[in-house]
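Chemist: I am attaching a structure below and will ask some questions about it afterwards.
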Amino acid sequence: MATPLSRLDLLRPRSLDGALRMLRDEGPLVLLAGCTDLYVGFHFGTMREQRFLDLQGLRALRGIRRRGETLVIGSLATYAELIASPLVRRRLPILAEASRWVGSPQIQNRGTLGGNVANASPAGDTLPVLAVSEATVVLRSLDGERRVPFGSFYTGYRQTVMRPDELIVAIEVPPVEGRQWFRKVGTRAAQAISKVVIAAVRAPHPRIALGSVAPTVVRVPRTEAVLAGGGTLAQAQAVLMDEIQPIDDLRSTAAYRRRVSANLLAQFWDDTPLQLRAPLSLASTAAAEG
Ligand SMILES: Cc1cc2nc3c(=O)[nH]c(=O)nc-3n(C[C@H](O)[C@H](O)[C@H](O)COP(=O)(O)OP(=O)(O)OC[C@H]3O[C@@H](n4cnc5c(N)ncnc54)[C@H](O)[C@@H]3O)c2cc1C
């Protein structure tokens, strides 16, 4: 049975400091952003918690901007805002691309990047993007701010290093050198949770991250090392299939996820050839011969 919403407490702070004070003094409280993940719990009556803190009024969590060379994305940025942002499209096009594949326009209008990160699902579509771009999660509590490298944020299935008195204020992304690539494989084009989701960057040392193939989103350093060291694609595919730990579940099987991950690796490699410039002498010789 659905949770009767009238029985729940909703605290609505007007400032970030006010929110952090409520979190410390009036907790435990569940943070509520776009509510697209939380609502599922209300709908099915599986939500046990009764007290919520609404982040929507906090301007400090909004906005997408540059600070020097760093792209700073407020945790309340919605998918629709990420898709529309010229900064995101220019600096991190795979984040805009991943956002286009989330749910449906309704979910894209409400769901936030901070919610996707904090929800800690291994299938979260933006998470492989943040993993390959070596993003930083900015956490704030009344004790101050701490910056956690994205690669250290998750500690296990649906587990993060975030404390109950902290919230995510922003995600910071450094400049990404190399060609960016993203694919999601689901049952259909919209409203599908990923069977496998992958983001990658083609650079002299390629970076590759996958979702739905392990208890958390994962980088695959052994596979990356094979490709960086000049190994063949077949060698890299064999290492990748050994490196990930998919499971059988409602949406797919482990065997399918391994095979699809290897196929996606091949697609990434084919789609992003390194653009080698011919040395000047060769180019001018060719021009002379032509
Ligand atoms: C129909 C449907 C389709 C969906 N499709 C997809 C999909 O294709 N791909 C995908 O990745 N996801 C999908 N989702 C899941 C969901 O939309 C995303 O995870 C979304 O980004 C969650 O953001 P939110 O703002 O709605 O989070 P909320 O539901 O408000 O919160 C989610 C969790 O994050 C915590 N939280 C939120 N903001 C913060 C913060 N700033 N700091 C700390 N903790 C915070 C909350 O306490 C809660 O635990 C779908 C959901 C639905 C209902």
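Chemist: Sorted by mean Cβ packing within 10 Å, highest first, what order do the peptides 198-206, 241-249, 64-72 take?
Modeler: On the way: 198-206: 21.1, 241-249: 15.7, 64-72: 13.8.
Per-residue Cβ counts within 10 Å, averaged per peptide and sorted highest first, yield 198-206, 241-249, 64-72.
Chemist: Where the only charges are on Cβ atoms (+1 Lys, Arg; -1 Asp, Glu), what is the dipole of the chain about its Cα centre, to the nearest 20 debye?
Modeler: Numbers: 36 positive and 26 negative charges, 92 e Å.
That gives a dipole near 440 debye.
Chemist: If R0 is 35 Å, what FRET efficiency do you get for residue 43 and residue 275 from their C-beta distance, rounded to 0.05?
Modeler: 0.10
Chemist: In the P(r) worked out for region 1-100, what percent of Cα pairs fall beyond 20 Å?
Modeler: Result: 50 percent of Cα pairs exceed 20 Å.
Chemist: What Kirkwood radius, in Å to one decimal, follows from the Cα pairs of region 64-175?
Modeler: Across region 64-175, the inverse of the average 1/r is 14.0 Å.
Chemist: Relative to the present Cα-Cα distance, how much length would full extension add between residue 100 and residue 67 at 0.36 nm per residue of separation?
Modeler: Taking residue 100 through residue 67 to full extension adds about 9.4 nm, to one decimal.
Chemist: So, in nm, how far is label residue 245 from label residue 143 when the simple model puts each one 7 Å beyond its Cα toward the Cβ?
Modeler: 2.8 nm
Chemist: Compute the helix-to-body angle for 280-289: its Cα long axis versus the longest principal axis of the chain, expressed 0 to 90° and rounded to tens.
Modeler: Its long axis makes an angle of about 50 degrees.
Chemist: While we're looking at this one, here's another question. Could you compute the net charge surrounding residue 272? Neighbours are other residues with a C-beta less than 9 Å from the C-beta of residue 272; K and R count +1, D and E count -1.
Modeler: That works out to 0.
Chemist: Contour minus end-to-end for residue 21 and residue 187, with contour as 0.36 nm per residue of separation and end-to-end as the Cα-Cα distance?
Modeler: Fully extending the segment from residue 21 to residue 187 adds 55.4 nm.
Chemist: May I ask for the angle, rounded to the nearest 10°, between helix 233-243 and the longest principal axis of the chain, with both axes built from Cα atoms and the value confined to 0 to 90°?
Modeler: That helix lies at roughly 30 degrees to the long axis.
Chemist: Turning to a different aspect of this structure: Report, to the nearest whole %, how much of the accessible area of the chain belongs to carbon and sulfur atoms, 1.4 Å probe, protein only. Please list the in-between numbers first.
Modeler: Values: 7850 of 14630 Å².
Answer for the chain is 54 percent, counting heavy atoms of protein chains only.
Chemist: For helix 16-25, what angle does its Cα long axis make with the longest principal axis of the chain, in degrees from 0 to 90 and rounded to 10?
Modeler: The two axes meet at around 60 degrees.
Chemist: Where only protein heavy atoms count, and the probe is 1.4 Å, what is the accessible area per residue for the chain in Å²?
Modeler: With the other protein chains kept in place, the chain gives 50 Å² per residue.
Chemist: Report the charge-dipole magnitude of region 43-98 in Debye, nearest 20, computed about the Cα centre from +1 at each Lys and Arg Cβ and -1 at each Asp and Glu Cβ.
Modeler: Using only the charged Cβ atoms, the result is roughly 240 debye.
Chemist: Based on the alpha-carbon gyration tensor of the chain, what equivalent-ellipsoid semi-axes (square roots of 5 times the eigenvalues) come out, in whole Å, largest first?
Modeler: Values: eigenvalues 285, 102, 54 Å².
Semi-axis lengths for the chain are 38, 23, 16 Å.
The values are calculated or read from the model by the stated rules, or taken from the named source; none is laboratory data. It should be emphasised that the depicted structure is a prediction, and the values quoted were computed from it without experimental measurement. Note that we place each Cβ from the backbone using ideal geometry, even for glycine, and neighbour counts take in every protein chain shown. Just the protein is used for accessible areas: all its heavy atoms, side chains included, with ligands, DNA and RNA removed. Shrake-Rupley method; radii C 1.70, N 1.55, O 1.52, S 1.80 Å.
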